[in-house]
Amino acid sequence: MDAATITTPAVLILLGPPGAGKGTQARMLEEKFGLVQLSTGDLLREAVAAGTEAGKAAKAVMEAGDLVSDEIVIAILRDRMAQPDCAKGVILDGFPRTTVQAEALDSLLASNNQKINAAISLEVEDAEMVTRISGRYTCAGCGEGYHDQFKKPAVEGKCDKCGHTEFKRRADDNAETVASRLAAYHAQTAPLIAYYDGQGVLQRTNAMGRIEDIANGLEGIVSKVMK
């Protein structure tokens, strides 16, 4: 069955630590299945810029230096999922992060007669993630991404894309910080893995190979759950 024949918009969740490739894979799934990737950070920025009621509430909280509540995030997500471009479905990237958020999401979906088609866990090895993330850097001119081991410029010190000769690294892309972020991710996500496994919607895929191979595995999963 083609994705276009679905009557109820699909809902997919991508679970995976920083650097697992969730963003890259979500964009590829968008193109393949006509879905819309929704990340919490982008949703908040868009809602604030649009001046929606939930966006105004989020802006006030962020300007006060506080964390945006789950209720506000859910309200923003509800507004976004109601827009026409989400008719075929969405890919949630970075939400939910806790079982409390997962339960709130379930309630939102139930009110729309929707359900989670799959929560897909991108399985990675922590040691490899430290190497992968701590080696990243970008061109200061155009933002093209590079890596100390896996993707060096063709000419050392010169961007392949724009020719710029200055590069930058994120301050938190170092081995110690990455290891800490991975530990925090596992602590937060372990309950989510169990939660979605208990619902019968958890899928696991190896995210340690080539981007193309990971994409093929994800496409196979999504094709099945969207039938």
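The values are calculated or read from the model by the stated rules, or taken from the named source; none is laboratory data. For clarity, every value in this text was computed on a predicted model and none was experimentally measured. Positions of Cβ are generated from backbone atoms using ideal geometry, with glycine treated the same way; all protein chains shown enter the neighbour counts. Note: areas computed on protein heavy atoms with side chains; ligands, DNA, RNA excluded. Shrake-Rupley method; radii C 1.70, N 1.55, O 1.52, S 1.80 Å.
Does residue 73 fit the bill of being hydrophobic (A, V, I, L, M, F, W, C) and either in contact with a Gly (Cβ under 8 Å, 6 or more places away or on another chain) or open to solvent by 30 Å² or more (accessible area, probe 1.4 Å) (or both)?
When the stated conditions are applied, residue 73 does not pass them.
Give me a count of the residues in the stretch 182-198 that are closer than 16 Å to residue 14 by Cβ and either in contact with a Ser or Thr (Cβ under 6 Å, 6 or more places away or on another chain) or at pLDDT 90 or above (or both).
Residues flagged as closer than 16 Å to residue 14 by Cβ and either in contact with a Ser or Thr (Cβ under 6 Å, 6 or more places away or on another chain) or at pLDDT 90 or above (or both) within the stretch 182-198 amount to 5.
Scan the stretch 199-227 for residues that are within 16 Å of residue 105 (Cα to Cα) and either part of a helix (DSSP H, G or I) or open to solvent by less than 50 Å² (accessible area, probe 1.4 Å) (or both) and jot them down.
Matches in the stretch 199-227: 201, 202.
Which of the residues spanning the stretch 87-113 are within 26 Å of residue 19 (Cα to Cα), open to solvent by less than 80 Å² (accessible area, probe 1.4 Å) and in a helix (DSSP H, G or I)?
99, 101, 102, 105
Find all pairs meeting these conditions: Cβ atoms under 6 angstrom apart; at least six residues apart or on different chains; first residue within the stretch 27-39 and under 10 Å from residue 86 (Cα atoms); second residue open to solvent by 70 Å² or more (accessible area, probe 1.4 Å).
34/88; 35/88; 36/85
Pull up the stretch 111-137, narrow it to residues that are of a type outside the set (Phe, Trp, Tyr) and in contact with a Lys or Arg (Cβ under 6 Å, 6 or more places away or on another chain), then point me to the one that is modelled with the highest pLDDT.
121
Considering the stretch 115-158 alone, what residues qualify as being among the aliphatic types (A, V, I, L, M), touching a residue at least 60 places away in the same chain (Cβ under 8 Å) and in a loop (DSSP other than H, G, I, E, B)?
116, 124 - these are the residues of the stretch 115-158 that are among the aliphatic types (A, V, I, L, M), touching a residue at least 60 places away in the same chain (Cβ under 8 Å) and in a loop (DSSP other than H, G, I, E, B).
Please determine, by comparing only the residues of the stretch 120-143 that are under 16 Å from residue 186 (Cβ atoms) and open to solvent by less than 40 Å² (accessible area, probe 1.4 Å), which one is farthest from the chain's Cα centre (by Cα).
Going through the qualifying residues, I end up with 130.
Output the residue which, of all residues in the stretch 32-56 that are open to solvent by less than 40 Å² (accessible area, probe 1.4 Å) and assigned to a helix (DSSP H, G or I), is nearest to residue 95 (Cα to Cα).
Residue satisfying both the conditions and the ranking: 40.
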